[in-house]
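Down below is the structure, laid out as structure tokens.
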Amino acid sequence: MFIIPAHQFSNNNESSCSLVKPCDSVEINTLPPNDNELRSGEAIASTESFDSVKSIIAQAHLCSIRIYKTGADPLINKIRYIVLAITAAEVYVFDMKALGQAVINLLADLLADETVIKILHDAKADLSFCMQALGRMPVINIFDVMIASQLVNAGLFEIIGEKEDGAIKERQVEHSFQEIACCHLGQSPESSNFVVDWHSDLSEIGLARMAKETALLLPLYKIFAKLLHENDLNDAAELEFKCIPAVTEIEINGIAFDANRARQEVAVLKAQTGEIMSAIQNEIRSHHLASARWTGKKRFNPNSDYDVKAYLVLQGYELKHLDSDTLLELNSTGCLMAGLIVSYRNGYRQLSLINEWLDAQHAFDDRVHGSLRQLNNKNTGRFSSYKPNLQQIPVKLRKLFVAPAGNSLISADYSAIELRIMAKVSQDQKMIQTFQSGIDPHAMTAAALSGKPIGDIGKHSIERQAAKAINFGLIYGCGAKRLVASAKEMFDVDMTLRQAENAKSKFFKLYQGVYKYHRARCDPLKLKIKYAFHSISQGFQAMVLTGTRSLSGRLRIWPDYNEKSCATFTALANTPIQGTGADIIKEAMAGVYEQLLKRKWNKVKFILTVHDELILEAPQDLSAHVLEMLTEEMTKAGQKYLAPLPVSVEGKISQDLTGDQSDT
């Protein structure tokens, strides 16, 4: 839809590079005759002029857009300039101070025009200002250069040396406007965080700078359109682009937060962590140790890996890693301190999260507004959340996020979606038959492992709970030791190492397709992909590297080092599963956003996405209808990628994020 057809690109590097020849200067155009007569460098200050430019864009079917604001926060800042570029010599700057709200309405019309490709960098940042002014709006046929760059980079990192333990040092690629323009065009824009003042007009130099930056998006579009095509990423790109409006709305809306209850929880957690700290100090004293003897500090810090490792060494434990799984495994052998460290860190983390949420309550509406990264550096496709983190809310703290009076929270999540994806990608016949027959996959595994008839496996039985730990742990390639720790931490299931090894053996006998899928990912040499890339110095090039794809075609690539691939077995096995999970939830988000527009449910808010769960806020009298729509769209998205496997979605209406059923 938004991709330049392949026949428009030559295979000849020289002619291809001519598409991306950088411009040394960009001139701000005057309008056509009989319109506003402007000298070069002036801003346009009439809505009639915007209409005239829209007519020119309609003929070109393509333009780049950059929006310059008084600050980064759309809740308290304003748009000052809107810049549109059609060619390097046709760039138009519109002054919002002179034009007012009317020009945002005209910009919204352009964003909704399906005949015009709109090129932006970090479209979410610009759309957020438009949505804050106008509310939910159709956004069609956009091309985000930042997201295109992330997709094309495919998680590839630069190796800059080795650590003391022999592990490689990585440097991730940046996707800021400056970095992209420098890498691909040899240009160096001054700043992508160009903030303008509402009261002072920019000089002719400042206006020319904005015009040049906007025009640079045009050759970048051609480069990334070609790279998306050559790396078979068109479908993944279209999915990411159509998901952007939903992501933008989630950030704009935020979520209501019970600050009073949060402060009460802080007091409880402070008391609990204080008690755990006392127990830690008692454990240290029981071994006749003083923290200063090995840390050089007056007080032992349970959050410090250095302090913890030093203590454990004195007790005869040599550990390479100090993650929760490793410490819980050590605790199961009788090391009390390891369990205390995990408990303290969990409490401390919850305290930090609550304080972060309290600080993040926005003065504009008292709601918590998180930021979503649509793609992470590894390019699995999963969202990550920051400022504050709303992706990893502990179960016991979900009660702090609430529906305002008169509203409800409508949430829905996928049932056993990782297992369904594994069944699809591995073509494991036993797993496929289980889902197609409507059998509970955890009960199936529990029956096979315990030797009991499947009808004797209760929904809340210890066998089924253990099977959940085994199913989710083993499809992601964890070993027996890690399975013991994760079963305890995530499912409160006690399991010996021998039991874990036995369960693993029986699991792969039952699900032989999963076993073959894992075996095929043990050798990176058998998973090579031709990877196309570009830089200003090299032009368009290609190399063969280890890579995997999700069901949307989303790509992840690993570099070679010392004649070996840097890809690990777990990454090769897990990335297609995680990536397809991301494909499904993003497809669902785009569908839900489209339905909210179509039904004109302006009082319904899209407020959160957490892994395989979507959450909306709606008036109570509309909640049942919203839940029906949400489950339908999520089911449709899952079926798009997993058919003929059935997809199950479970929805709830509640008053807080715990999901406890609402009485309304």
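Numbers below:
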{"quantity": "Verdict on ALA542 being touching a helix residue (DSSP H, G or I) at 6+ places or on another chain (Cβ under 8 Å) and of a type in the set (A, V, I, L, M, F, W, C)", "calculated": "yes"}
{"quantity": "Single unsatisfied condition, SER505 versus (1) open to solvent by 40 Å² or more (accessible area, probe 1.4 Å); (2) over 24 Å from ASP325 (Cβ atoms); (3) out of contact with any helix residue (DSSP H, G or I) (no Cβ under 7 Å at 6 or more places or on another chain)", "calculated": "(2)"}
{"quantity": "Complete set of residues in the stretch 180-208 that are surrounded by 16 or more Cβ atoms within 10 Å (Cβ to Cβ) and part of a helix (DSSP H, G or I)", "calculated": "ILE180, ALA181, CYS182, CYS183, HIS184, LEU185, GLY206, LEU207, ALA208"}
{"quantity": "Filter result for the condition that a residue is hydrophobic (A, V, I, L, M, F, W, C) and under 30 Å from ALA590 (Cβ atoms), over ALA259, ALA271, ALA215, ALA208", "calculated": "ALA215"}
{"quantity": "Residue count for the stretch 466-498, restricted to those that are surrounded by fewer than 18 Cβ atoms within 10 Å (Cβ to Cβ) and polar (S, T, N, Q)", "calculated": "1"}
{"quantity": "Residue satisfying all of: in the stretch 511-538; in a helix (DSSP H, G or I) and among the basic types (Lys, Arg); farthest from VAL152 (Cα to Cα) among these", "calculated": "LYS516"}
{"quantity": "One residue from MET495, MET490 being assigned to a loop (DSSP other than H, G, I, E, B) and within 22 Å of LEU327 (Cβ to Cβ)", "calculated": "MET495"}
{"quantity": "First in the stretch 53-79 and of a type in the set (Asp, Glu) and surrounded by fewer than 22 Cβ atoms within 10 Å (Cβ to Cβ), second anywhere and at pLDDT 95 or above and assigned to a strand (DSSP E or B), Cβ under 9 Å, 6 or more apart", "calculated": "none"}
{"quantity": "Test: THR635 is open to solvent by 30 Å² or more (accessible area, probe 1.4 Å) and β-branched (Val, Ile, Thr)", "calculated": "yes"}
{"quantity": "Some residue of the stretch 589-596 being polar (S, T, N, Q) and in a strand (DSSP E or B)", "calculated": "no"}
{"quantity": "Enumeration of residues in the stretch 96-128 that are surrounded by fewer than 22 Cβ atoms within 10 Å (Cβ to Cβ) and assigned to a loop (DSSP other than H, G, I, E, B)", "calculated": "GLY100, ALA112, ASP113, GLU114, THR115, VAL116, ASP122"}
{"quantity": "Matching entry among GLY339, GLY334 (being farther than 22 Å from GLN264 by Cβ, free of Cβ contacts under 8 Å to residues at least 60 places away in the same chain, among the small types (Gly, Ala, Ser) and outside any helix (DSSP H, G or I))", "calculated": "GLY334"}
{"quantity": "Unmet criterion (only one of (1) assigned to a loop (DSSP other than H, G, I, E, B); (2) open to solvent by 20 Å² or more (accessible area, probe 1.4 Å); (3) in contact with a Phe, Trp or Tyr (Cβ under 8 Å, 6 or more places away or on another chain)) for TRP601", "calculated": "(3)"}
{"quantity": "Test: residue in the stretch 85-96 that is closer than 18 Å to VAL139 by Cα, modelled with pLDDT of 90 or more and of a type in the set (S, T, N, Q)", "calculated": "no"}
{"quantity": "Selection within the stretch 157-179 - open to solvent by 30 Å² or more (accessible area, probe 1.4 Å) and within 20 Å of GLN374 (Cβ to Cβ)", "calculated": "GLN172, VAL173, GLU174, SER176, GLN178, GLU179"}
{"quantity": "Residues that are open to solvent by less than 30 Å² (accessible area, probe 1.4 Å) and not in a helix (DSSP H, G or I), drawn from the stretch 416-427", "calculated": "ALA416"}
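The values are calculated or read from the model by the stated rules, or taken from the named source; none is laboratory data. Quick caveat: nothing in here was measured; it's all calculated off a predicted structure. Methodologically, a virtual Cβ is constructed for each residue, glycine included, from the backbone with ideal geometry; neighbour enumeration extends over all protein chains shown. Accessible surface is based on the protein model in full, side chains and every heavy atom, while ligands, DNA and RNA are left aside. Shrake-Rupley method; radii C 1.70, N 1.55, O 1.52, S 1.80 Å.
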